[in-house]
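These notes concern the structure reproduced below.
The values are calculated or read from the model by the stated rules, or taken from the named source; none is laboratory data. Everything numeric here is computed off the predicted structure, so don't read it as measured data. Backbone-built Cβ (ideal geometry, glycine too); neighbour counts: all protein chains shown.
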Amino acid sequence: MAKTDSKNVKKNKGNNDNKEKKQDREPKRDDRKDERKVKQAGSEGIVRIVDTDVSASVPISRSLGDIKGMGIRYNALIARIFENKTKVEPSTQIGKLTDEQILILEDIIKDPVKYKIPKWFVNKPVDIWDGSQKHLLGSELLFNDKEELDRLGKIKHRKALRRVRGLPVRGQRTKSGFRHRRKAVGVVKR
């Protein structure tokens, strides 16, 4: 028995040495990646435009698509107007822009009418309350949709009633389509 105890002691001693070596060595690769992400976030890894976080390593024309209310064509138009105003190409990474350039970009996005974008290009061509044309983004867009649905619901408009029920609004047929919106009706399995 004495021989086996001495073997166990040697094994245990070796295990303790390994634990000490693991603590002394550098962090794992995954830990290093997390450290890099934190450093990038602090040093222009994320750019905030119109209350939305946008990745700094993406070109201007593509990064604007992360903002709710902006589509591909609108992104391209905004990038082209920004290029004419500041002489910065749309393929430039958004993280390389200066603070003044970001402010100009935000101004173009928030007030497109000032930069002569056509009326048909904005998502709110005629505001029902003041008659102005606007392009709504982010939380404003969500709030406006909800407000519009509530307003139409109060007057019992067909559009609002069909949206609430989950039915198609624009006159599509419902016999064969739009079945995924309904709850299952039929034979119950035992």
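Is one or more of the residues making up the range 64-84 in contact (Cβ under 8 Å) with a residue 40 or more places away in the chain and more than 18 Å from the chain's Cα centre (by Cα)?
Among the residues of the range 64-84, at least one is in contact (Cβ under 8 Å) with a residue 40 or more places away in the chain and more than 18 Å from the chain's Cα centre (by Cα), which makes the answer yes.
Does K189 satisfy the criteria of being among the basic types (K, R), within 21 Å of V58 (Cβ to Cβ) and free of Cβ contacts under 8 Å to residues at least 12 places away in the same chain?
When the stated conditions are applied, K189 does not pass them.
Filter the range 78-96 down to the residues that are within 16 Å of V54 (Cβ to Cβ) and surrounded by fewer than 15 Cβ atoms within 10 Å (Cβ to Cβ) and list them by number.
S91, K96
Check whether at least one residue in the range 97-105 is in contact with a Gly (Cβ under 7 Å, 6 or more places away or on another chain) and surrounded by 14 or more Cβ atoms within 10 Å (Cβ to Cβ), and report yes or no.
No, the conditions are met nowhere in the range 97-105.
Among the candidates E148, E140, single out the residue that is closer than 18 Å to G69 by Cα, under 20 Å from the mean Cα position of the chain (by Cα) and not assigned by TED's automatic domain parsing to the domain that holds S63.
Within the list E148, E140, the selection yields E140.
Please give the number of the condition N75 fails out of (1) in contact with a Gly (Cβ under 6 Å, 6 or more places away or on another chain); (2) over 20 Å from F143 (Cβ atoms); (3) at pLDDT below 90.
(3)
Just checking, how many residues over the range 102-139 are of a type in the set (A, V, I, L, M), in contact with a helix residue (DSSP H, G or I) (Cβ under 7 Å, 6 or more places away or on another chain) and free of Cβ contacts under 8 Å to residues at least 60 places away in the same chain?
The number of residues fulfilling the criteria is 5.
Report yes if some residue within the range 46-65 is part of a helix (DSSP H, G or I), modelled with pLDDT of 90 or more and either surrounded by fewer than 13 Cβ atoms within 10 Å (Cβ to Cβ) or touching a strand residue (DSSP E or B) at 6+ places or on another chain (Cβ under 6 Å) (or both); otherwise report no.
yes
Hey, among the residues in the range 142-157 that are out of contact with any helix residue (DSSP H, G or I) (no Cβ under 9 Å at 6 or more places or on another chain) and of a type outside the set (V, I, T), which one's surrounded by the fewest Cβ atoms within 10 Å (Cβ to Cβ)?
Here the residue is K156.
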